[in-house]
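Taking it in order: structure first as structure tokens, then the write-up.
The values are calculated or read from the model by the stated rules, or taken from the named source; none is laboratory data. All values derive from a computational prediction rather than experimental measurement. Heads up, the Cβs are rebuilt from the backbone with ideal geometry, glycines too, and the neighbour counts pull from every protein chain shown.
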């Protein structure tokens, strides 16, 4: 959205002889003026929202986080200092690329709003969302393992959840993995944990904690297993899958907006698309297992007092006795997403 404008601003900022910033007004008709800019001499990208001073949030409302820096500056002339600039900036030049996505997200969400209090509340909510993003991904984007995990969850969403749903937004909200819930998907009393593996033989699935496969907290707990081959230059990539899902959700803007929010919380940003497009996936095997009494896993009640941070692995071969038709899982999803 602002690609050429960022380039112009960087040229203008580079010509400054001392500290300062080059900025441009965006969204001329917005209820609260918005600017993007580049701050010299560090060449850090910034987004500025101007709001009435009496409704501005305190500086300590937004916590310090990796990737972002937040400041509040009083603006206006010496007599009428009635406005405050809420300034978000990248904390280092290395974050400038992802900051372009942040600025576009803030602009697109704030520009249509017509009430100043609503603008401020939305601004704070979006900044907190991006702070969650920086907690989930490294400086160069998601790791290979995290990409595979996200691909598996989104493949399950596209192949089984969305086709079974009448209300798409309800189906999207069932994807709880990005929000660090106990399971990746929650459909009422039915929960689904998704595990994706790229190993070739004797596949093992990594379980993050003792609650992940503890079926005693839900009515039915399923483990959906996806085995993939990595195809360099393949067309079935993580961004391509996301494009497909966004196309399905596009008729229902509420569902699409919720999906985009969840992607951010999962650590995915469109500005890293070129990196994620390098790896394609080919599905070798998919199966669903019902986690029952004798399923090979650890329950929270199995852990002795004083023991914590439990991580373990299970063999896929040992899960085969608990395999159920995926159609059984689809029926349960459909009943929950009516």
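Within the range 189-211, count every residue that is modelled with pLDDT of 85 or more and touching a strand residue (DSSP E or B) at 6+ places or on another chain (Cβ under 8 Å).
14
Considering only the range 94-106, state which residues are out of contact with any strand residue (DSSP E or B) (no Cβ under 6 Å at 6 or more places or on another chain) and buried (at least 17 other Cβ atoms within 10 Å of the Cβ).
95, 98, 100, 101, 102, 104, 105
For the range 189-216, name all the residues that are closer than 23 Å to residue 333 by Cα and either assigned to a loop (DSSP other than H, G, I, E, B) or not assigned by TED's automatic domain parsing to the domain that holds residue 312 (or both).
189, 211, 212, 213, 214
Go through the range 1-22 and count every residue that is touching a helix residue (DSSP H, G or I) at 6+ places or on another chain (Cβ under 7 Å) and in a strand (DSSP E or B).
2
For the range 267-274, state whether one or more residues are in contact with a strand residue (DSSP E or B) (Cβ under 7 Å, 6 or more places away or on another chain) and at pLDDT below 95.
yes
Whether any residue in the range 45-54 is out of contact with any helix residue (DSSP H, G or I) (no Cβ under 7 Å at 6 or more places or on another chain), part of a helix (DSSP H, G or I) and buried (at least 20 other Cβ atoms within 10 Å of the Cβ) is what I want to check.
no
Do any helices (runs of 4 or more DSSP H) lying entirely in the range 225-338 carry at least 3 residues that are out of contact with any helix residue (DSSP H, G or I) (no Cβ under 7 Å at 6 or more places or on another chain), and which ones are they?
In the range 225-338, 238-249, 253-265, 326-336 are the helices (runs of 4 or more DSSP H) which contain 3 or more residues that are out of contact with any helix residue (DSSP H, G or I) (no Cβ under 7 Å at 6 or more places or on another chain).
Please list, ordered by first then second residue, the pairs with beta carbon atoms under 9 Å, 6 or more apart or interchain, first in the range 303-318 and farther than 22 Å from residue 204 by Cα, second surrounded by 10 or more Cβ atoms within 10 Å (Cβ to Cβ).
Pairs that qualify, where the first residue is farther than 22 Å from residue 204 by Cα and the partner is surrounded by 10 or more Cβ atoms within 10 Å (Cβ to Cβ), are 307/210.
With the requirement that a residue be over 27 Å from the mean Cα position of the chain (by Cα) and loosely packed, with under 11 Cβ neighbours inside 10 Å, what does the range 298-316 give you?
Matches in the range 298-316: 301, 304, 305, 306, 307, 308.
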